[in-house]
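The values are calculated or read from the model by the stated rules, or taken from the named source; none is laboratory data. This one's a predicted model, so the numbers in the text were calculated from it and none came from an experiment. Positions of Cβ are backbone-derived with ideal geometry, glycine not excepted, and every protein chain shown enters the neighbour counts.
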């Protein structure tokens, strides 16, 4: 009788461990929207990130456009919100990186052009 009980306990532990790892290995899903600000002084844009899947707290990064050696231009503190906006971003190519509480990372290159029509 002890042998089947041990097998049951072992199966439960293995199953529970796999369930927990699946829970913490969720991916980050998000959407990025660029809103241009045309003024006589400069042409900048806001980059709004809306996370739909991931584990808060999130840290948002605006980086130079190099996924391996990119430098951080701006970074949020870890926040418990799924939305974040980088305001008044100058024209250029950037890497937007999102990191959640579990260390999952997602990112995408975005480009701010000098005019919304370009």
(message) Among the residues of region 42-63, are any free of Cβ contacts under 8 Å to residues at least 24 places away in the same chain and either surrounded by 12 or more Cβ atoms within 10 Å (Cβ to Cβ) or farther than 12 Å from residue 107 by Cβ (or both)?
(response) no
(request) Write out, first by first residue and then by second, each pair whose Cβ atoms fall under 6 Å of each other, whose residues are 6+ apart or on separate chains, and whose first residue, in region 96-111, is surrounded by fewer than 19 Cβ atoms within 10 Å (Cβ to Cβ) while the second is not in a strand (DSSP E or B). (result) 101/55; 101/57; 102/24; 102/55; 104/28; 106/28; 109/65
(request) Evaluate the following for residue 85: is it in a strand (DSSP E or B), modelled with pLDDT under 95 and over 10 Å from the mean Cα position of the chain (by Cα)? (result) no
(request) Could you please give the count of residues in region 78-87 that are over 9 Å from residue 58 (Cα atoms) and surrounded by 14 or more Cβ atoms within 10 Å (Cβ to Cβ)? (result) 3
(request) Considering every residue within region 71-80, establish whether at least one is at pLDDT below 95 and either over 10 Å from the mean Cα position of the chain (by Cα) or more than 20 Å from residue 26 (Cα to Cα) (or both). (result) no
(message) Looking at (1) under 17 Å from residue 32 (Cβ atoms); (2) in a loop (DSSP other than H, G, I, E, B), which one does residue 94 not meet, given that it meets all the others?
(response) (2)
(request) Only residues that are part of a loop (DSSP other than H, G, I, E, B) and surrounded by 13 or more Cβ atoms within 10 Å (Cβ to Cβ): list them for region 68-77, please. (result) 70, 76
